[in-house]
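A short worksheet on the structure shown next.
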Amino acid sequence: MAIKEKNKKVNKTKNEKPKVKKENYFKGVIKEMKLVKWPTPKEALKYTIATLALCVIICGFFLLLNLLLSIIKGWFV
């Protein structure tokens with residue numbers, strides 16, 4: 001009998017979810033966001049230019065690859 005009562009108590013604690021207030025969540029988010037090292041406008045501009053340059057290079061690579069493969073395909077068709 002004591003074992004059944006003990007299992008009932010264990011099941012109750014497993015099914016219960018801890019109650020967390022939403023305000024605590026948002027306070028935690030604000031606290032973590034203060035720890036983030038945000039880039040300066042100069043760094044953001046530098047990273048944006050680097051990203052766009054890489055996109056142009058990759059686009060050009062695939063454009064040339066497509067052109068080359070189209071020429072090779074034209075030889076055999």
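Every number here is computed from the coordinates shown, using simple stated rules; none is lab data. All of these numbers come straight from a predicted model, not from anything done at the bench. Cβ atoms come from the backbone with ideal geometry, glycine included; neighbour counts cover every protein chain shown.
Here are a few things to note about the model shown:
- Taking label positions 7 Å along the Cα-Cβ direction at both Lys31 and Ile71, the computed distance is 6.3 nm, reported to one decimal.
- Global geometry of segment 24-77, whether rounded, prolate or oblate, following the gyration tensor of its Cα atoms and the 1.5 cut on a/c: oblate
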